[in-house]
Amino acid sequence: MSLAEPLCLTTRAGIELDVRVAEATDEPALAAFFDRVTDEDRRFRFFSAAHHVSHQQLEPLVHADHFRSESWLAVNRQTGEIVASALLACDGPLDTAEIAMSVCADHRGKGVGWAMLDFLAHQAQARGVRRVISIEDRDNHAAIELEREKGFEPQAVDGDPTLVMLSRSFR
């Protein structure tokens, strides 16, 4: 996938998503997207209770290096609205990649998370990553269940009983 070329994904509910790389010019739209997600979803994504996502939090999402880290936006093709944000961040040797994703509340339960999680896994595999991980708040039951359904295995996070790490190996 080239940087400028969106990929069309269709969710199980039939929603067509244009998935494309986030760019610096997307910062205002991405900030507006995170203003539309629930306070709880924002807390789950950034592990902070802020009512607004800061420029410092958005910076790595709009200035990725396009290989070890990449940030994508999923735009509802019919409405033109950003409905999901997804991040893949690989370690130095490209052994492990962490993923993070947010979906707007009005698009939950429609397959957006499923489609984006499959997309992230494919992107990780294309980079040769051995496994992907996701660190979740233990209260984020929807994300944990989705990831478990997609083959992720949960394990405790040493030193923090409020978090769980889920991982999926490709080889």
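Structure notes:
- Close amide H pairs (under 5 Å, H built 1.01 Å from N) link ARG77 with GLU16, LEU17, ASP18, residues at least 5 positions away or on another chain.
- Two numbers describe the Cα atoms of the stretch 1-88: Rg and Dmax, which are 13.0, 35 Å.
- Kirkwood hydrodynamic radius computed over the stretch 72-124 comes to 11.8 Å, based on all pairs of distinct alpha carbons.
- Taking Cα centre as origin and charging only the Cβ of basic (Lys, Arg, +1) and acidic (Asp, Glu, -1) residues, the dipole magnitude of the stretch 1-67 rounds to 240 debye.
- Translational D in µm²/s for the stretch 38-84 (Stokes-Einstein at 25 °C, 0.890 mPa s, Kirkwood Rh from C-alpha pairs): 200 µm²/s
- Added length on full extension, which subtracts the Cα-Cα distance from 0.36 nm per residue, ASP160 to GLU5: 51.8 nm
- Computed across the stretch 38-166, the Kirkwood hydrodynamic radius from all distinct Cα-Cα pairs reaches 15.3 Å.
- Taking the centroid of alpha carbons for each part, the stretch 1-67 and the stretch 124-171 are 20 Å apart.
- Model label zone, ARG68; criterion: amide N under 19 Å from point 7 Å along Cα-to-beta-carbon; scope the stretch 75-116: 87-100
- Among HIS122, HIS141, LEU166 - extreme Cα towards positive end, dipole of the stretch 118-171, charges at beta-carbon: HIS122
- The stretch 28-110, dipole about Cα centre (Lys/Arg Cβ +1, Asp/Glu Cβ -1), debye to the nearest 20: 280 debye
- Listed residues ALA97, GLY113, GLY80: farthest to the positive end of the dipole of the stretch 66-124 (Cβ charges): GLY80
- Per-pair calculated FRET efficiency, R0 = 25 Å: ALA105 and PHE170 via Cβ, rounded to 0.05: 0.20
- When +1 charges are put on Lys and Arg Cβ atoms and -1 charges on Asp and Glu Cβ atoms, the dipole computed for the chain relative to its Cα centre reaches about 480 debye.
Where a number appears in this text, it was derived from the coordinates with a stated rule and is not lab data. Source: prediction; values computed, not measured. So basically every Cβ, Gly included, is an ideal-geometry build from the backbone, and we count neighbours across all protein chains shown.
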